Amino acid sequence: MDTIAKRLNNLTRDQLLELLDDVHPGEIPIGAVKRRSLAIQMKGQIFRIGNKFATNAFVLTRGKLRLVYVRPSYFQYRRVGLDIFGDEYSILDFDHSLGRAVAQSYSVNYVLLLAIDKKVNRGHGAYERVSPLSDCSPRKIDLRKHCFVDPRVMNKWLGLPAISSVHARKYERSDASKPSLTDEQLRSVIKALGYGSKAIEQPNLTRIYR
């Protein structure tokens, strides 16, 4: 068991929920069109990270909950994850909660960054593609500003494999839902969101309003 998991194992369910500011993981957008609408949806504040453009990566905070969002086409997301989550996360993969191709097909500008076990993350790769026909079709305008987890994405977040007999290959976009989660599942969710010993220095975060 790694040091992050050991630390989370010592927390009660109430303490785990406090880290999430009592927000159910199913209510956390994994994709968003605009930063401002995301802040309103989550009732949180958004911050630029150091000298990085907020159009590439930013942090959203609400109470003790801290979320990192990146542009799907931004390729330095692992560096962003290590800067904010801490070096102890170097043993894990950093990846988009909503696959890059899927996000772009929905005209999603920002996706939630997760830290996932390498083997599990790579096992989900085949389910995060869009068909060639979809790639060639005109990009549609989607009026919904946020994406939430479907069963396959929740499995990825929980560190579980994608099972072809259970999960469709196409992302099932839906509204926020609140599936029941065990304490161990909550620990997996919080670990993937970057709960670590390192806190980014406040001077490196600059609050922005749009």
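The values are calculated or read from the model by the stated rules, or taken from the named source; none is laboratory data. Predicted model only: the values in this text are computed from it and were never measured. All Cβ positions, glycine included, derive from the backbone under ideal geometry; neighbour counts span all protein chains shown. With ligands, DNA and RNA removed, areas are computed over all heavy atoms of the protein, side chains included. Shrake-Rupley method; radii C 1.70, N 1.55, O 1.52, S 1.80 Å.
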How many residues of the range 68-89 are closer than 23 Å to ARG210 by Cα and not in a helix (DSSP H, G or I)? The answer is 9
For the range 170-184, name all the residues that are open to solvent by 40 Å² or more (accessible area, probe 1.4 Å), assigned to a loop (DSSP other than H, G, I, E, B) and at pLDDT 90 or above.
SER180, THR182
Among the listed residues ASP87, ASP21, ASP83, identify the single one that is surrounded by fewer than 18 Cβ atoms within 10 Å (Cβ to Cβ), over 19 Å from ALA176 (Cα atoms) and of a type in the set (Asp, Glu).
ASP87
Of the residues that sit in the range 185-210 and are at pLDDT 90 or above and in a loop (DSSP other than H, G, I, E, B), which one is nearest to PRO151 (Cα to Cα)?
LEU193
So which residues in the range 27-49 are open to solvent by 30 Å² or more (accessible area, probe 1.4 Å) and more than 20 Å from CYS147 (Cα to Cα), if there are any at all?
ARG48
Residues that are modelled with pLDDT of 90 or more and of a type in the set (Gly, Ala, Ser), drawn from the range 64-95:
SER73, GLY81, SER90
Test for PHE53: is it modelled with pLDDT of 95 or more and either in a strand (DSSP E or B) or of a type in the set (Lys, Arg) (or both)
no
Restricted to the range 1-18 and to residues being assigned to a loop (DSSP other than H, G, I, E, B) and among the hydrophobic types (A, V, I, L, M, F, W, C), the residue surrounded by the fewest Cβ atoms within 10 Å (Cβ to Cβ) is MET1
Out of the residues in the range 50-61 that are within 17 Å of LYS191 (Cα to Cα) and free of Cβ contacts under 8 Å to residues at least 60 places away in the same chain, state the one that is surrounded by the fewest Cβ atoms within 10 Å (Cβ to Cβ).
THR61
Selection over the range 90-103 where residues are in a strand (DSSP E or B) and either aromatic (Phe, Trp, Tyr) or open to solvent by 10 Å² or more (accessible area, probe 1.4 Å) (or both) yields a count of 3
Assuming VAL68 fulfils every condition listed in (1) surrounded by fewer than 17 Cβ atoms within 10 Å (Cβ to Cβ); (2) within 21 Å of TYR106 (Cα to Cα); (3) touching a residue at least 60 places away in the same chain (Cβ under 8 Å) apart from one, which condition is it?
(1)
